[in-house]
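Peer 1: Sharing a structure with you now.
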Amino acid sequence: MIDNLKLIEYKALDNKKLISVFKRWLKSNSCCKKYPKCGHPKIQSNNYALDIQHEEVDKIRDVLFQGLRYFLGPHKVVNQRAWILYVPSNETITSKWHTHILKKYKDYEQVSALTYLTKTDIGTQFEDVNYKVEIKPKLNHWYFWPSKVAHKPMRKKTNKDRMILAADFVILRNKY
């Protein structure tokens with residue numbers, strides 16, 4: 001499973017603008033209706049971060065879909081979600097193992113992705129029956145993996161803000 005973890009570099013974007021846009025988005029677009037009494041991380045957006053109307057969001061959406069095509073080849077996206085995860089400096093990242101499998105689409109291929117929008121040394125761990133690995137965070141890269149692979153952020157106190165954009169996709173492969 002983890003051998004399907006792929007790293008795809010993209011041309012640098014204006015992360016300062018992206019971060020500013022996403023911070024504003026977070027203020028009025030919390031993760032779910034149960035927030036803050038839910039199991040999500042403390043500061044996480046809803047699943048519509050790629051729907052924000054802004055030129056830098058358009059650019060990161062474009063490089064995400066280019067990476068997805070490179071990772072998967074011909075495919076059709078049946079469902080997609082994308083959200084922001086933000087941890088301010090001097091806070092400890094909450095960390096629990098999870099997957100992004102949507103049971104409703106259990107018969108489809110499902111792929112997850114993330115990109116780090118801030119410089120950080122706090123990576124993400126992945127685990128399956130054979131491996132446990134940690135990725136080293138790199139700016140201007142998308143990380144792709146099968147959604148059924150368990151993962152979690154490293155549990156660590158941040159020394160500066162940490163923001164990621166995460167996404168998952170339900171995929172139908174065919175000749176499209």
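Bear in mind these aren't lab numbers, they're just calculated from the coordinates by the rules spelled out. Just so it is clear, the model here is predicted, and its values are computed rather than measured. Heads up, the Cβs are rebuilt from the backbone with ideal geometry, glycines too, and the neighbour counts pull from every protein chain shown.
Peer 1: Per residue of region 51-67, what does 6.51 cos²θ - 1.76 cosθ + 1.60 with θ = phi - 60° give for ³J(HN,Hα)? Whole Hz please, x for Gly and Pro, Karplus curve as stated.
Peer 2: With the stated coefficients, region 51-67 comes to 8, 4, 8, 7, 4, 6, 5, 4, 5, 5, 4, 4, 5, 4, 5, 5, x Hz.
Peer 1: Taking only Cα atoms and a 10 Å spring cutoff, compute GNM fluctuations for the chain and point out the largest among GLU109, GLU134, GLU55.
Peer 2: GLU55
Peer 1: Return the aspartates and glutamates within reach of LYS136: Cα separation strictly under 13 angstrom, same-chain partners fewer than 8 residues apart disregarded; answer none if there are no such residues.
Peer 2: Result set, ordered by chain and number: ASP121.
Peer 1: Rank the residues SER147, SER30 as a footprinting-exposure proxy: fewest other Cβ atoms within 10 Å of their Cβ go first.
Peer 2: SER30, SER147
Peer 1: Work through the residues other than THR92 whose Cβ is under 9 Å from its Cβ and net out their charges, Lys, Arg +1 and Asp, Glu -1.
Peer 2: Surrounding charge for THR92 is +2.
Peer 1: Which entries in LYS103/LYS138; LYS103/LYS157; LYS27/LYS157; LYS104/LYS157; LYS33/LYS148 show an alpha-carbon gap greater than 27 Å?
Peer 2: Pairs exceeding the cut-off: LYS103/LYS138; LYS103/LYS157; LYS104/LYS157.
Peer 1: Most exposed first by the Cβ proxy, i.e. fewest other Cβ within 10 Å, how do ILE135, ILE60, ILE164 rank?
Peer 2: Lowest count first: ILE135, ILE164, ILE60.
Peer 1: Same structure, new question: Where in region 6-33 does the amide nitrogen come within less than 16 Å of the point 7 Å from the Cα of ASN130, taken along Cα to Cβ?
Peer 2: Taking a point 7 Å out along Cα→Cβ of ASN130, the residues of region 6-33 whose backbone N falls under 16 Å are 6.
Peer 1: How large is the convex hull of the C-alpha atoms of region 2-172 per residue, in Å³?
Peer 2: Hull volume over Cα atoms, normalised by residue count, gives 119 Å³.
Peer 1: Given a cut-off of 28 Å, name the pairs among LYS59/LYS106; LYS96/LYS119; LYS106/LYS132; LYS17/LYS76 whose C-alpha atoms lie farther apart than that in the structure shown.
Peer 2: Long pairs (Cα-Cα over 28 Å): LYS59/LYS106; LYS17/LYS76.
Peer 1: In Å, the Kirkwood hydrodynamic radius of region 92-176 over pairs of distinct alpha carbons?
Peer 2: It is 14.0 Å.
Peer 1: Just to confirm a number: summing +1 for Lys and Arg and -1 for Asp and Glu over residues other than ASP51 whose beta-carbon lies under 12 angstrom from that of ASP51, what do you get?
Peer 2: So the environment of ASP51 carries a net charge of +1.
Peer 1: Hey, what's the Cα Rg ratio for region 2-52 versus the globular rule of thumb, 2.2 N^0.38 Å?
Peer 2: Taking the Cα Rg and dividing by 2.2 N^0.38 Å, one obtains 1.46.
Peer 1: In straight Cα distance, which aspartates and glutamates are under 14 Å from LYS11, not counting same-chain residues fewer than 8 positions off?
Peer 2: GLU56, ASP58, ASP62
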